[in-house]
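Presented below is the structure to which this report refers.
The values are calculated or read from the model by the stated rules, or taken from the named source; none is laboratory data. This structure is a prediction, so every number in the text was calculated from the model and none was measured. Backbone-built Cβ (ideal geometry, glycine too); neighbour counts: all protein chains shown. The accessibility values were calculated without ligands, DNA or RNA, using every heavy atom of the protein model including side chains. Shrake-Rupley method; radii C 1.70, N 1.55, O 1.52, S 1.80 Å.
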Amino acid sequence: MLDRARRSVSSALVLRGEAGMGKSALLGYAAAAARDAGMMVLGVTGVEWESDLAFAGLHGLLWPIVDELEGVPEPQREPLAAALGLAPGEGRDRFLVSAGALSLLAAAAESRPILCLIDDAQWLDLPSAQSLTFVARRLVAERAAILFGAREGERRRFDAPGLADLVVGGLDRTSAGLLLDHSASGAVPSVRERLLHEAAGNPLALLELPVALSEQQLAGNAPLPGALPMTARLRASFSERIDRLPPDTREALLIAATEEAGELAVTLRAAAERELPQDALDPAEKIGLVRTDGAILSFRHPLVRSVVYESATLGQRQRTHAALAAALEGGHSAERAVWHRAMAALSPDNEVADALEASAERSVLRGGHASAASAFERAAALSGSACDRARRLSAAAQAAWNAGQGDRATGLIQRALPIADRPQRAWLLFIRGVVEGQSGWLLDGVATIRQGLAVSEDSSVTLRLLREGFAMASQAHAIEEAADFVSRAVDVAPADEINRFTQASLIASAAELSSDYERSRSLSAKLVKLADGIDDPAGLIWASLAAARVGMRQEALHHANRAASNAREQGAMTTLPFCLQVQAAALIGESRLELAYASADEGLHLALDTGQLWAASWNLMRLVQIDALRGDEEPAHAHAAELQALVARSGAAAIGQHAARSLALLDMCLGRPAEALERLLTMISTAQPGSHPLFLYGVPDTVETAARADRLDEVSWHADRFRHWAEQYRSPEALGLLARCRGLIDEAGAEEHFARAIELAPALSPFDAGRSELLYGEWLRRQRRRIDARRHLRSAVESFGRLGTAPWEARARAELRASGETARRRDPSTREQLTPQELQIARLVAGGKSNPEVAAQLFLSPRTIDYHLRKVYSKLDIASRAELAGLDLGEPVIA
């Protein structure tokens, strides 16, 4: 890794293992080797109690290179500086903070290669962990390497999806014996054998366990301690060595263990607060438990720090936190000082609780929701009144849910409900309903939402309850429940613009359910315009869906992109998966399948990570949809089976129907019309016009499949129902699909209907427009009008080829050959040779953006952009930006 970093090839690795297996030793070896090679070494160690301080880990790692902030692109600089506490501001844009950290490392690496070392990564605060894994996944061509050490078996685990893992196991017997000989040379064979057996290859145990034994025990003249689990043995070994130190040294060690940043000056100031001598730490340093390097104090091993803190009494810890709070007061570490004050408090203290609540609110603005939840919870414990405790527990529950910690949120709600007043109960029941519905059975969430409505007195809370209840009920096919939720919105008096937007979205849905289509279309179009003035991700999801409902596909994508971007900025981990599935849907509507797949795949993994079955189901359904359009049969069925299992656990029946429609399309394009028709007939038998997408696309699919299977008589009732609905709804998209259906059904008037379908094709997605061209071309060829057919079939071939829907392209090519013309094979020298990331970079560069500008937009470094651009030039056999600008690469989308 170090060699590659010096050659501008970046990499990242997570070393995993139990305590004492040698992770820290390997990190230390890497640091020494890097310094010998002239590399800059940055390091930080996670501290358990510090895991609630947002961006504390990132601050510790990047502090030595903050002078390079000027090299960070402007949009990223301010959020990163705010997150690190170097500038005023909120630092709430989590994506830009992470991208800024990447840019800062890349800028610093221009002068010399960098090695980043993060030990005890399981104790990193969540925002830092997410930012550093974001950085590690995007390192490509920078002169940088990142090594994480993560201890397994702790209550928290360091999850790093997308990063390589290396499990550090125990030493073999020969190596273990050699190491033991260094630490227990005087041990008799029987004791040596017992130590080898007890250590089981654990290097730290081989070094430390003998130190805890007396000379009599090593000589075999006194019994050895009873067997304990390895981590407990190691803790006991360190504890015995600590217990032999003078009292002043033990207290100074506790201060050092509690001072999370390793700042020697802060430790010494706190020790002075406790009236300890300046040389109090010397005995611990002499036996190697701690070491100093300039202004930094570090422990012999992370486990030593844990033992020191855990073995202290509650009173000792509180006195230590008080001393550190005093040592940090008035400096640049106000957040740390507040936390130490809170940890030192022995009884309710409203002043400390207020300060901690303010700290929590700042963490929310910075996107540090997990840290905020801890701060709110501690503030609740220090609150003097039940009302304040309930309010702060409620805020903690909301923050925990936003951080993706559903079980934690539920526990906080359970503690808050018995002491909450009526308005607080309504909000707590809203959060619980959301958690239950999104993480478990949808109808359980609906029942809790109804309880919240019964006590809600606030219009904002009521409207959010109604919106969430409607969404859950409709996806669970509880149509009467869904209709009841939206019908009640008209009686609510909105308090602000967001309330008015939410109310309008519910009334539009009510109009759709009651078949008042003109009002539904009018309100939906109004919603799309109103959405320009809001930034709430949940509201923007509804705006995107409303735009899609009335055929405003570009607006649907615009608001979906805004929803995803804002959710990232706000660190809303439980909202982002829904934003990503809506973004994927809008991209599918534009037939931009490669980008849609990336959004849905990210949304799926994020939803599964946070335990959100419903959101995971939505994103899985999008993957099935894209697999089917591409004709990728094996992944389509694999994803569909995974989706079916999730739907069975969540009760999201409507999502399962969407997947059934996709599998039917797959059967259709692979020449299995009978199987496709059976799926579709089952699906549309329960689809109502109010379930807009299923009905809008499902019935035309059914008609087309029935025509290919020569079973049109079986779908006449569905076709009549669709005609009645489309003529009432009157959107160009619905009328275009209706014309296509009538062309298949009405043989006498087919040409007129198909011509109308082609006229309205621009209102359809590129994929559905291609299908209209294909069906008209097929009809013309069957009428022996081959020359007329070719124009439409050529158009279909080009459309399907451009979209990457290979089976549909093959079907159109076969029809074109049957008409007497062979389509020219597309030149594969442009898009098809590029990966999705290379294609996006090429599009942006061709549009005139510089490498730094592209890097800022795609959250990569300029070096990585240059690396990919060289590959683009090589693949396309070009040599300049001017040549790239002359190619047809399509338009870029920044999500």
| said: Give me the residue from region 369-415 that is open to solvent by less than 40 Å² (accessible area, probe 1.4 Å) and outside any helix (DSSP H, G or I) and, out of that set, nearest to Arg568 (Cα to Cα). | reply: Ala403
| task | Determine the pairs where a residue that is open to solvent by 70 Å² or more (accessible area, probe 1.4 Å), located within region 285-301, has a partner that is basic (Lys, Arg) and in a loop (DSSP other than H, G, I, E, B) with Cβ atoms under 8 Å apart, the partner being 6 or more residues away or on another chain. | result | Arg291/Arg300
| request: Please list, ordered by first then second residue, the pairs with beta carbon atoms under 9 Å, 6 or more apart or interchain, first in region 726-746 and among the hydroxyl-bearing types (Ser, Thr, Tyr), second not in a helix (DSSP H, G or I). | output: Tyr729/Pro689; Ser731/Val550; Ser731/Gly551
| query | Which one is modelled with the lowest pLDDT among residues in region 29-71 that are buried (at least 20 other Cβ atoms within 10 Å of the Cβ) and farther than 29 Å from Ala373 by Cβ? | reply | Leu69
| said: What are the pairs with Cβ atoms under 9 angstrom where one residue, in region 700-717, is over 22 Å from Ala734 (Cα atoms) and the other, located anywhere, is surrounded by fewer than 16 Cβ atoms within 10 Å (Cβ to Cβ)? Sequence gap at least six, or different chains. | reply: Ala709/Ala674; Arg711/Ala674
| field | Gly85 vs. criteria open to solvent by less than 10 Å² (accessible area, probe 1.4 Å) and small (Gly, Ala, Ser) | value | no
| query | How many residues, within region 655-708, are of a type in the set (A, V, I, L, M) and within 21 Å of Tyr517 (Cα to Cα)? | reply | 5
| remark: Those strands (runs of 3 or more DSSP E) completely within region 107-197 that have 2 or more residues that are in contact with a Ser or Thr (Cβ under 8 Å, 6 or more places away or on another chain), of a type in the set (A, V, I, L, M, F, W, C) and modelled with pLDDT of 90 or more are 144-151
| In this structure, does Val446 turn out to be open to solvent by less than 20 Å² (accessible area, probe 1.4 Å), assigned to a helix (DSSP H, G or I) and out of contact with any Gly (no Cβ under 8 Å at 6 or more places or on another chain)? | no
| What about Ser617, is it part of a helix (DSSP H, G or I), open to solvent by less than 30 Å² (accessible area, probe 1.4 Å), hydroxyl-bearing (Ser, Thr, Tyr) and over 20 Å from Gly804 (Cβ atoms)? | yes
| task | With the checklist (1) open to solvent by 10 Å² or more (accessible area, probe 1.4 Å); (2) assigned to a helix (DSSP H, G or I); (3) out of contact with any Ser or Thr (no Cβ under 9 Å at 6 or more places or on another chain); (4) hydroxyl-bearing (Ser, Thr, Tyr) in hand, flag the one item Ser544 doesn't pass. | result | (1)
| Given (1) open to solvent by 10 Å² or more (accessible area, probe 1.4 Å); (2) closer than 27 Å to Ala653 by Cβ, where does Gly433 come up short, assuming only one miss? | (1)
| Do any residues in region 162-181 that are closer than 16 Å to Gly22 by Cβ have Cβ atoms under 6 Å from those of residues that are open to solvent by 40 Å² or more (accessible area, probe 1.4 Å), where the two are at least six apart or on different chains, and which pairs are they? | Gly170/Ala200
| Out of region 734-751, which residues are assigned to a loop (DSSP other than H, G, I, E, B) and of a type in the set (A, V, I, L, M)? | Ala748
| message | Take the residues in region 354-368 that are of a type in the set (A, V, I, L, M) and open to solvent by 40 Å² or more (accessible area, probe 1.4 Å); name whichever of them is nearest to Leu80 (Cα to Cα). | response | Leu365
| field | Output for region 467-483, where each listed residue is acidic (Asp, Glu) and closer than 19 Å to Ala511 by Cβ | value | Glu480, Glu481
| query | Of all residues in region 569-584, which are surrounded by 24 or more Cβ atoms within 10 Å (Cβ to Cβ), in a helix (DSSP H, G or I) and of a type outside the set (S, T, N, Q)? | reply | Leu576, Pro577, Phe578, Cys579, Leu580, Val582, Ala584
| field | Verdict on Pro75 being of a type outside the set (Lys, Arg), at pLDDT below 95 and surrounded by fewer than 22 Cβ atoms within 10 Å (Cβ to Cβ) | value | yes
| task | Could you check, for region 420-430, whether at least one of its residues is without any contact (Cβ under 8 Å) to a residue 24 or more places away in the chain and either open to solvent by 20 Å² or more (accessible area, probe 1.4 Å) or under 22 Å from Ser374 (Cβ atoms) (or both)? | result | no
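Residue-wise test of (1) at pLDDT 90 or above; (2) surrounded by fewer than 22 Cβ atoms within 10 Å (Cβ to Cβ); (3) over 19 Å from His559 (Cβ atoms).
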position	(1), (2), (3)
Asp484	yes, yes, yes
Val492	yes, yes, yes
Thr502	yes, no, no
Ala511	yes, yes, yes
Glu518	no, yes, yes
| field | Test set (1) within 30 Å of Val44 (Cα to Cα); (2) modelled with pLDDT under 80; (3) surrounded by 13 or more Cβ atoms within 10 Å (Cβ to Cβ) - Pro229 fails condition number | value | (3)
